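The values are calculated or read from the model by the stated rules, or taken from the named source; none is laboratory data. All values derive from a computational prediction rather than experimental measurement. In this analysis, Cβ positions are derived from the backbone assuming ideal geometry, glycine residues included, and neighbour counts consider all displayed protein chains.
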Amino acid sequence: QVQLVESGGGLVQPGGSLRLSCAASRSINGIYVMGWYRQAPGKQRELVATMTNGGSTNYADSVTGRFTISRDNSKNTVYLQMNSLKPVDTAVYYCYSFWLGVAYWGQGTQVTVSL
């Protein structure tokens, strides 16, 4: 099993930045995919960004050029650097991992972009 704990969410003004962190309960060296999804009120959960343990990344079109995913295997942590935030980025952000055929999710962290 893998427990995932997110942190770093909060309230930020449009144009601002936040960095989300996701700490895993075990080594992430062997975890093929880790990433971030988000869910806004009344909407389905959607992919934000993923990264394989080989370094390949995938981003939603809506965040490409603004968000950057990275992973620090030595700290068992995945990050999401979010720049140029917009009100439409407001959502609960969930950390995700896929390991040995099972998907794992964190509890989510709220990101609110507003004046």
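Report yes if some residue within the stretch 80-97 is among the basic types (K, R) and in a strand (DSSP E or B); otherwise report no.
no
Residues being surrounded by fewer than 18 Cβ atoms within 10 Å (Cβ to Cβ) and within 14 Å of the chain's Cα centre (by Cα): count how many of those fall in the stretch 50-59.
The number of residues fulfilling the criteria is 3.
Given the condition surrounded by 14 or more Cβ atoms within 10 Å (Cβ to Cβ) and more than 30 Å from L115 (Cβ to Cβ), answer yes or no: does some residue in the stretch 6-22 qualify?
For the stretch 6-22, residues surrounded by 14 or more Cβ atoms within 10 Å (Cβ to Cβ) and more than 30 Å from L115 (Cβ to Cβ): absent.
From the residues in the stretch 60-105 that are on the phi > 0 side of the Ramachandran plot and out of contact with any Pro (no Cβ under 9 Å at 6 or more places or on another chain), which one is surrounded by the most Cβ atoms within 10 Å (Cβ to Cβ)?
Here the answer is N76.
Does I31 meet the test of being in contact with a strand residue (DSSP E or B) (Cβ under 7 Å, 6 or more places away or on another chain), under 13 Å from V2 (Cβ atoms) and surrounded by 14 or more Cβ atoms within 10 Å (Cβ to Cβ)?
Details: in contact with a strand residue (DSSP E or B) (Cβ under 7 Å, 6 or more places away or on another chain): yes; under 13 Å from V2 (Cβ atoms): yes; surrounded by 14 or more Cβ atoms within 10 Å (Cβ to Cβ): yes.
Spelling it out, I31 is indeed in contact with a strand residue (DSSP E or B) (Cβ under 7 Å, 6 or more places away or on another chain), under 13 Å from V2 (Cβ atoms) and surrounded by 14 or more Cβ atoms within 10 Å (Cβ to Cβ).
How many residues does the stretch 25-41 contain that are out of contact with any Ser or Thr (no Cβ under 7 Å at 6 or more places or on another chain) and modelled with pLDDT of 95 or more? Don't jump to the end; show me each part of the working.
To start, the set of residues in the stretch 25-41 that are out of contact with any Ser or Thr (no Cβ under 7 Å at 6 or more places or on another chain) comprises 25-30, 36-39, 41.
When the remaining residues are screened for being modelled with pLDDT of 95 or more, the result is 36-39.
Looking only at that region, the number is 4.
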